[in-house]
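As structure tokens, the structure follows; a few thoughts come after it.
The values are calculated or read from the model by the stated rules, or taken from the named source; none is laboratory data. Keep in mind that what you see is a predicted model, and the values were worked out from it rather than measured. FYI the Cβ positions are ideal-geometry reconstructions off the backbone, even for glycines, and counts take in every protein chain you see.
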Amino acid sequence: MKRTLLCFIGLISVFIFANVPTASATYVKKEDVHMKLNEAYVIYSHQTMPYVDERDRTLVPLRLVADLLKGAETSWNESKQEVTITFNGLRL
């Protein structure tokens, strides 16, 4: 009797949980990123566009922005993993 009851409960459980929807990834349409600096649009020389995360934040390479500022100097400190941009006497 116990075996029959357990088989019956197991069979019902299979039918109940078979209809549970599974998680699936959503398709996110990636659109072109247009960046404007000093009234001019930036044209990306690389094949890949800047990364846009799930919160719609755009991550643009810092060197790209620094290169657009005429006269800015960019340096990389490997030991500190740190970027320094010098522009018009200001250090960032």
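Descriptive notes on the structure:
- Within segment 63-92, residues that are in contact (Cβ under 8 Å) with a residue 12 or more places away in the chain have Cβ atoms under 8 Å from residues that are among the charged types (D, E, K, R) and loosely packed, with under 10 Cβ neighbours inside 10 Å in these pairs: ILE85/ARG91, counting only partners at least 6 apart in sequence or on another chain.
- Considering segment 41-56, the residues that are modelled with pLDDT of 75 or more and either among the small types (Gly, Ala, Ser) or surrounded by fewer than 10 Cβ atoms within 10 Å (Cβ to Cβ) (or both) include one that is nearest to LYS70 (Cα to Cα), namely TYR41.
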